[in-house]
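Here is the structure we will look at, set down as structure tokens.
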Amino acid sequence: MVKKRQQLSLDDLHQLKWALGTLLAVLSAWTVFYLEVEAVWLILAVTVAGVAVFLRPSLPGQVPGVVHRLAFPVIVAVLAMDLYTSREPLPALVRVELMLILYRLISYRRRRDDLQLIVLGLFLVVIAGVLTVSLFFALQILAFTACALGVLLLTTLVDASQMNSSKEGSGKEVSAIGTAGASPAWATEVNWLRLFGKVRAATDWRVLALGVGLFAGVVVVSAVLFMAIPRFELGSSFFLDRLITKKTRTGFSENIRFGDVTSIQQDEGVAFTVDGGDPGKLPGVPYWRMVLLDDYREGGFRMSLELKIELARRALDRRVRTTGGVTGLKDEPTRWRFYYEPGVSRYLPLAGGFRELVFNRPLSFHQSSSLRLLALTSEPAELLGFEVTGMETGAIFPDPAYARREASGLGAAKGLPDYRLLALGSEDRAILEMIVAEITRNEALDAEEFARRASGWLSRRHTYSMESSLPPGSGDPLVRWLNSDGPGHCEFFAGGFALLARAAGHPVRLVTGFKGGNWNGFSESLIVRNSMAHAWCELWNGENAWVRVDPTPGAHSVGDPGPEVAAAQARGRLVDSGWSARLDGLRVFWYRRVVNFDQGAQVELADGTKRTVLDAVRWIRGRLDAGLGRIEDWVRSPWTVTRGLLGLAMAAGSALAIWAMLRFGRNGYWWLRASWTRRSEGDPIRLEAGRWLRRIETEGVDAHPDWVDLRGDLLHLRYGRVERRLTVPAIFARARRAVRRRQRSAR
């Protein structure tokens with residue numbers, strides 16, 4: 001006797017729907033983690049409520065009725081107050097979505113409530129999907145989709161069960177959702193372990209495997225369609241990024257006080273990734289320029305109004321492509337792809353000038369080719385991809401415009417940035433002049449020689465330390481640090497050098513950005529983290545260019561290092577390994593093939609696939625040609641007795657294979673199995689026929705019109721002489737179809 005499959009009751013379906021709906025609500029709330037929205041307490045409330053109502057589904061029945069009556073008026077009032085105080089519509093909508101999901105969690109849901117919960121969760125998923133590019137979000141959205149499909153399926157099964165059961169009827173729908181102060185019958189006694197055991201017993205694993213396969217097929221087909229459909233620029237994420245203000249994690253802005261860059265270095269998150277270029281064309285220790293600061297006052301550097309005006313002279317609105325003024329490159333320019341994380345700065349990290357820069361979407365920005373800066377009008381709220389061609393990677397930046405200003409004596413003219421300005425009191429100036437005299441020994445030094453001596457003096461006088469503080473006292477704080485022997489970090493060394501250079505009469509400006517990067521061998525890309533934030537200077541060489549000066553101890557202080565030093569730096573570049581590097585490599589692949597998958601990447605992927613297929617075809621053809629050539633050589637070679645016997649054996653084997661195929665046909669599997677099975681185990685054909693006879697009688701298929709013929713064929717296979725002309729697989733297939741028809745009709 002074949003045991004009949006266990007069936008789930010209506011209460012079991014309600015409990016399953018409740019569990020999946022709770023999981024769906026929690027997954028939806030967790031998508032807000034990918035947004036820069038202050039709603040941690042709401043996410044925590046949804047999570048705690050989800051766990052509570054899952055462990056005790058009777059809890060919503062204990063919620064007073066006044067809560068249900070006041071819920072929506074209170075939510076509307078909170079939304080209005082949130083919009084009035086924050087002035088940001090999207091974060092307010094996200095918070096009200098979380099409140100609605102929380103309310104749906106603590107109340108029993110009808111069919112329309114389950115559909116509303118799916119729509120609420122889908123809204124959060126769409127928002128997070130537009131404004132984030134996290135790889136983990138891609139996994140989360142798959143889980144959300146599976147839960148949503150499960151809730152829809154269970155909702156349909158519950159409705160069908162209620163319609164077909166006169167015992168439960170419409171009254172069951174009322175009891176299924178409960179009333180104020182009361183819980184429905186299905187929620188009073190819930191044993192999740194017992195329920196999951198019943199689900200496992202009632203599950204047809206073939207149907208489950210088919211469903212999982214179909215879901216996986218839909219995901220694969222969606223990925224193929226994503227790669228195959230034409231690329232269209234919809235622009236600025238449907239303007240959703242304009243409805244939310246991203247909080248800058250770093251200190252890269254036009255006004256930096258001492259300590260800001262150091263605070264960035266506490267963050268080990270990825271700032272940007274450089275992909276696609278030749279690592280051999282990068283310096284051993286690249287410097288990524290972001291912000292220029294020229295005005296020092298009140299203990300900090302800032303970008304002066306004159307420098308801001310110079311940067312804003314070229315304002316470009318919603319452009320995808322721009323040129324950077326670099327020409328005359330001898331070799332083929334290298335293309336570098338940047339994946340710039342949100343929340344770093346509106347200034348882009350560039351090693352220097354460039355020939356051409358292409359964004360992955362239209363953007364508005366300010367650009368200065370002479371300053372080698374590019375600043376977006378607003379900080380990007382999502383990952384920004386851009387490609388740079390012909391980028392400078394050296395430490396010397398020619399500036400013909402400033403050279404003409406210096407030659408004409410307009411270096412400190414009104415309306416232009418003044419890189420010599422030293423807004424300090426007389427006592428602070430006297431201290432600086434004393435230090436400069438100690439450095440120069442009253443010799444007339446050019447700019448670069450002064451930079452070397454000043455960097456050496458700073459390294460001897462001060463040690464490097466991330467835990468640094470300004471000494472107490474009166475006067476300028478940075479001058480006090482220069483006059484002390486306390487430790488300092490990159491900000492102190494760069495700022496102190498800038499004051500010393502200006503006191504010596506050399507134009508200088510402070511630069512903030514990133515230094516270095518770890519090479520990821522899995523993705524063949526350079527990973528730059530927030531902890532690599534750095535500050536250095538650019539000094540006018542007195543002739544025609546700005547020269548990079550890094551006075552931080554341990555750095556190459558002035559200009560480009562020599563070939564030997566550069567080679568040693570490249571060999572000493574840190575290579576990421578381990579699981580974190582694998583995750584970074586996987587994230588870069590996600591950026592390449594999904595986030596930044598544009599028409600160019602589509603063509604590149606198509607060309608790569610075409611080359612792979614052609615290479616495979618050529619390899620197969622080569623192997624076939626080589627094999628046929630060997631056979632031809634073997635046939636044409638002189639025949640011997642051994643080769644003759646071998647040829648006869650091959651011909652006999654081929655003839656035997658053809659005879660077996662014609663003799664056994666579709667029954668070949670069963671006859672081979674019968675030949676190889678030991679007699680003690682029984683004839684496999686007879687055993688299979690007996691199994692189908694018992695199952696058909698148990699399922700009640702004997703009432704079917706075709707049962708007589710099917711039963712006769714199965715009895716013949718079970719007890720009669722099995723003839724080779726009988727199509728054994730076809731008889732077993734008829735029995736399988738008969739059982740399935742009976743199971744469907746029983747439902």
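The values are calculated or read from the model by the stated rules, or taken from the named source; none is laboratory data. In this text the structure is predicted, and so the values were computed from the model without any measurement. Here the Cβ positions follow ideal geometry from the backbone for every residue, glycine too, while neighbour counts run over all protein chains shown. These area figures cover heavy atoms from the full protein model, side chains too; ligands, DNA and RNA do not enter into them. Shrake-Rupley method; radii C 1.70, N 1.55, O 1.52, S 1.80 Å.
Tabulated data
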quantity	calculated
Residue within segment 655-665 that is at pLDDT 70 or above, open to solvent by 70 Å² or more (accessible area, probe 1.4 Å) and either in a helix (DSSP H, G or I) or not β-branched (Val, Ile, Thr) (or both) present	yes
Unique match (being more than 23 Å from the chain's Cα centre (by Cα), open to solvent by 10 Å² or more (accessible area, probe 1.4 Å) and over 27 Å from VAL285 (Cα atoms)) among LEU510, LEU470	LEU470
Residue satisfying all of: in segment 393-434; within 43 Å of the chain's Cα centre (by Cα) and assigned to a loop (DSSP other than H, G, I, E, B); nearest to LEU500 (Cα to Cα) among these	TYR419
Residue, farthest from ILE309 (Cα to Cα), within segment 361-379, restricted to residues that are in a loop (DSSP other than H, G, I, E, B) and open to solvent by 10 Å² or more (accessible area, probe 1.4 Å)	GLU379
Hey, GLU433 farther than 26 Å from GLU254 by Cα, in contact (Cβ under 8 Å) with a residue 60 or more places away in the chain and surrounded by fewer than 16 Cβ atoms within 10 Å (Cβ to Cβ) or not	yes
Residue within segment 333-355 that is in a loop (DSSP other than H, G, I, E, B), farther than 15 Å from ALA271 by Cβ and of a type in the set (S, T, N, Q) present	yes
Number of the exception - PRO333 against (1) within 30 Å of ARG480 (Cβ to Cβ); (2) surrounded by fewer than 21 Cβ atoms within 10 Å (Cβ to Cβ)	(1)
Segment 38-71: number of residues that are among the small types (Gly, Ala, Ser) and without any contact (Cβ under 8 Å) to a residue 12 or more places away in the chain	1
VAL388 being open to solvent by 20 Å² or more (accessible area, probe 1.4 Å) and not in a loop (DSSP other than H, G, I, E, B)	no
Every pair of residues 6+ apart whose Cβ atoms lie under 8 Å, when the first sits in segment 402-418 and is farther than 13 Å from GLU543 by Cα and of a type in the set (D, E, K, R) while the second is modelled with pLDDT of 80 or more and open to solvent by 30 Å² or more (accessible area, probe 1.4 Å)	ASP418/GLU306
Single residue of segment 522-551 satisfying the filter (at pLDDT 85 or above and in a loop (DSSP other than H, G, I, E, B)) that is most open to solvent (accessible area, probe 1.4 Å)	GLU543
Unmet requirement for LEU371, which otherwise passes all of (1) on the phi > 0 side of the Ramachandran plot; (2) in contact (Cβ under 8 Å) with a residue 24 or more places away in the chain	(1)
Tabulated pairs, segment 278-305, first exposed (fewer than 14 other Cβ atoms within 10 Å of the Cβ) and at pLDDT 80 or above, second hydrophobic (A, V, I, L, M, F, W, C) and assigned to a loop (DSSP other than H, G, I, E, B), C-beta under 6 angstrom, 6+ apart or interchain	ARG297/ALA423
Counted residues, segment 340-360 - those being surrounded by 23 or more Cβ atoms within 10 Å (Cβ to Cβ) and in contact with a Leu (Cβ under 6 Å, 6 or more places away or on another chain)	1
Only one of THR156, THR145 that is open to solvent by 20 Å² or more (accessible area, probe 1.4 Å), under 26 Å from the mean Cα position of the chain (by Cα) and modelled with pLDDT of 85 or more	THR145
Complete set of residues in segment 31-56 that are open to solvent by 20 Å² or more (accessible area, probe 1.4 Å), within 25 Å of SER86 (Cβ to Cβ) and part of a helix (DSSP H, G or I)	PHE33, TYR34, VAL40, TRP41, LEU44, ALA45, THR47, VAL48
Which listed residue is over 30 Å from MET532 (Cβ atoms), open to solvent by 50 Å² or more (accessible area, probe 1.4 Å) and either among the aliphatic types (A, V, I, L, M) or at pLDDT 85 or above (or both), from GLU449, GLU427	GLU427
Sole exception among (1) open to solvent by 10 Å² or more (accessible area, probe 1.4 Å); (2) of a type outside the set (Asp, Glu); (3) in contact (Cβ under 8 Å) with a residue 40 or more places away in the chain for GLY562, by number	(3)
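Table: residues versus (1) free of Cβ contacts under 8 Å to residues at least 60 places away in the same chain; (2) in contact with a strand residue (DSSP E or B) (Cβ under 6 Å, 6 or more places away or on another chain); (3) in a helix (DSSP H, G or I).
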position	(1), (2), (3)
PRO73	yes, no, yes
ALA92	yes, no, yes
TYR103	yes, no, yes
TYR108	no, no, no
ILE118	no, no, yes
VAL125	no, no, yes
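Yes/no matrix, rows are residues, columns are (1) assigned to a helix (DSSP H, G or I); (2) modelled with pLDDT of 70 or more:
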position: PRO553; (1), (2): no, yes
position: ALA567; (1), (2): yes, yes
position: ALA570; (1), (2): yes, no
position: ARG573; (1), (2): no, no
position: ALA606; (1), (2): yes, no
position: VAL617; (1), (2): yes, yes
